[in-house]
Amino acid sequence: QNADATAEVLTHDGWFHTGDIGRIVHGGCVQIVDRKKQLFKLSQGEYVSPEKVEGIASKCALVGQIWVHGVSTEAFLVAVVVPSESAMEKYGGKETAIQSDQLKKDILDDLDQVCRAEQLKGYEIPKSIILHGDEWTPESGFVTPSFKLKRPALWQHFSKDILALYEALNSQ
């Protein structure tokens, strides 16, 4: 009964816009695959779905949790990774592991291998990572009670590190 709200979500030809991204699957059903507001555009004009990349990247044995981020002024993605418990044990415990350049290299190699096996494009694969030692929980404020990432909270906490990472990568 609200004409303005209805006009926002219905097109002139009757399509209902929810903000979800879907695809038509076998049998003519619609499968929801992402949220439009989650997409971001990289400098070369490509759109990236961080949830898609995170879902694939979470298959890596060394990755416990991952948040993928990109900005429109850069041509590649970066990520913040909480290594898996087994990875932290293998690399000398939490404090040692998150400082380990070898663990970073191994995670990046693993990410590259898994993402390419899942046929992600090169620009969808994170090129560098920041390691974080504490699991993200609802209490930490980085995930919801259903363990969906709270992207604004993650950005607020890690933005300085991410911007420094981009600066370091661009100066190489």
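Where only DSSP H runs of four or more residues are counted, the chain gives -11000 deg cm²/dmol as its mean residue ellipticity at 222 nm, each run worth -39500 (n - 2.57).
Just list whichever of Lys90/Lys160; Lys41/Lys104; Lys90/Lys150; Lys52/Lys90; Lys127/Lys150 have alpha carbons separated by over 24 Å in the model shown. As for pairs spanning more than 24 Å Cα to Cα, those are Lys90/Lys160; Lys41/Lys104; Lys90/Lys150; Lys52/Lys90. Extension gain for Glu167-Lys105 works out to 20.4 nm (0.36 nm per residue, less the C-alpha to C-alpha distance).
Computed over the chain, the P(r) curve from all C-alpha pair distances, binned at 10 Å from the origin, holds 9, 32, 34, 16, 7, 2, 0 percent per bin. Note on the chain: dipole from Cβ charges, positive end direction compared against Leu42, His17, Pro138; the farthest Cα belongs to His17.
Accessible area per residue for the chain is 62 Å², calculated with a 1.4 Å probe on protein heavy atoms, without ligands, DNA or RNA.
Along the charge dipole of the chain, Cβ charges K/R +1 and D/E -1, which of Phe147, Gln113, Leu103 sits furthest on the positive end? The listed residue farthest towards the positive side: Gln113. Rg and Dmax, both from the Cα atoms of region 81-130 and both in Å, are 11.7, 34. Placing a label point 7 Å from the Cα of Ser43 along the Cα-to-Cβ direction, the residues of region 61-96 whose backbone N falls under 20 Å from that point are 68-80. Taking the accessible area of region 35-104, probe 1.4 Å, and keeping the other protein chains in place, the carbon and sulfur fraction comes to 49%.
Rounded to the nearest 10 degrees, the inclination of helix 151-171 to the longest alpha-carbon principal axis of the chain is 60 degrees. Coupling constants for region 71-78 follow from the phi torsions by the Karplus curve (6.51 cos²θ - 1.76 cosθ + 1.60, θ = phi - 60°), and in residue order they are 10, 5, 8, 10, 9, 8, 9, 10 Hz; glycine and proline get x.
Full extension of the segment from Glu95 to Val9, taken as 0.36 nm per residue of separation minus the current Cα-Cα distance, would add 26.0 nm. Amide H contacts for Ile21 (H built 1.01 Å from N in the peptide plane; partners 5 or more residues away or on another chain; cut-off under 5 Å): Val33, Asp34, Arg35, Lys36. Here region 60-154 is treated with +1 on each Lys and Arg Cβ and -1 on each Asp and Glu Cβ, and its dipole about the Cα centre works out to around 300 debye. With the convex hull drawn over the C-alpha atoms of region 112-161, the volume per residue is 115 Å³. Charged side chains reduced to their Cβ positions (Lys and Arg at +1, Asp and Glu at -1) give the chain a dipole of some 200 debye around its Cα centre. Nearest 10 degrees, 0 to 90: what angle lies between the long axis of helix 101-117 and the longest principal axis of the chain (Cα atoms)? The angle comes out near 40 degrees.
The values are calculated or read from the model by the stated rules, or taken from the named source; none is laboratory data. The structure displayed is predicted, hence computed values, not measured ones. Note: ideal-geometry Cβ built from the backbone for every residue, glycine included; neighbour counts use all protein chains shown. All accessible areas refer to the heavy atoms of the entire protein, side chains included, with ligands and DNA or RNA removed. Shrake-Rupley method; radii C 1.70, N 1.55, O 1.52, S 1.80 Å.
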